[in-house]
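Each remark here refers to the structure printed beneath this line.
Just so you know, all these numbers are worked out from the coordinates, no wet-lab data involved. Computed from a predicted model, the values in this text were never measured in an experiment. Note that each Cβ is placed from the backbone with ideal geometry, even for glycine, and that neighbours are counted across all protein chains shown.
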């Protein structure tokens, strides 16, 4: 085995049943985002998105951090080496597609926030549908602290979570927000004891995976569309999504289960399956 092949994978991708888990795996660096990690995360998200057997996704970290954002050590090494082209394109080549994959994932995404989520790590967390956090976790919108602008979608997601005024405040005065305050602000959707985090995230992911995932995907697409379109345009989108759901197997199963007074058995199969 070569020295390179002996290095642990920067992102670990596993599938158990209908749930895919994507775990940042650089605990010694607090899961900072070097190029290898960003590429591995992109690959894992694409695999989860395209796998019809995966019906829910958990994004989490290993060690004491969820993800602290850009790997500044690698960043400075590249700057000192004159590799400014790589630095200037990482938002476009890495952060933007990662954020779009998370927000546009046609299945629910649960962030299991095991520790601090900072910078792009906070951005990726905010792009998830649910954000369950350990009581020891925190959030830091750290961009201004290193004299950078917001990226990883935070200028879009954060105002929609906390409001525009509060978003600007948090971005211009970055500090670590503890779990209780993050819950109040809506940055976290749930806070649990640290030793219960993995189990609670798994429980929610399994519940979502057993649900009408065609419906979930349509709802996510409609809400995202409505955020940037007029009411009339959004009504057209709702009609399109309702037709998609109506013609899928889960809708008929739900109606039959209601009439037969039983629990529905959703399969998540689209209409053409």
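Key figures for this structure:
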{"quantity": "Packing rank of 28-34, 193-199, 230-236, where each peptide gets the mean count of other beta carbons within 10 Å, highest leading", "calculated": "28-34, 193-199, 230-236"}
{"quantity": "Label-zone membership for the range 214-233, site residue 100, 7 angstrom Cα→C-beta point, backbone N under 19 Å", "calculated": "218, 220-229"}
{"quantity": "Over the range 76-217: Rg over Rh, Cα atoms, Kirkwood Rh", "calculated": "1.01"}
{"quantity": "Point-to-point label distance, residue 269-residue 7, nm (Cα→Cβ direction, 7 Å offset)", "calculated": "4.4"}
{"quantity": "Extension reserve of the residue 64-residue 181 stretch, reckoned as 0.36 nm per residue once the Cα distance is removed", "calculated": "40.2 nm"}
{"quantity": "Stretch gain in nm, segment residue 43-residue 194, where the contour uses 0.36 nm per residue and the Cα spacing is subtracted", "calculated": "51.5 nm"}
{"quantity": "Centre separation in Å (Cα based) which lies between the range 202-218 and the range 70-149", "calculated": "25"}
{"quantity": "Cβ crowding within 10 Å averaged over residues, with 92-102, 132-142 ranked highest first", "calculated": "132-142, 92-102"}
{"quantity": "FRET efficiency, residue 148 to residue 260 (Cβ-Cβ, R0 51 Å, nearest 0.05)", "calculated": "0.35"}
{"quantity": "Estimated FRET transfer efficiency (residue 173, residue 231; beta-carbon r; R0 41 Å; 0.05)", "calculated": "0.70"}
{"quantity": "Point-to-point label distance, residue 51-residue 161, nm (Cα→Cβ direction, 7 Å offset)", "calculated": "2.6"}
{"quantity": "Residue-averaged 222 nm ellipticity for the chain, from DSSP H runs of 4+ at -39500 (n - 2.57), nearest 500", "calculated": "-14000 deg cm²/dmol"}
{"quantity": "Label-point separation in nm, residue 239 to residue 252, each point 7 Å along Cα→Cβ", "calculated": "2.5"}
{"quantity": "Which label in (1) 55, 54, 52; (2) 69, 41, 37; (3) 66, 51, 38 gives the computed Cα extents along the principal axes in Å", "calculated": "(3)"}
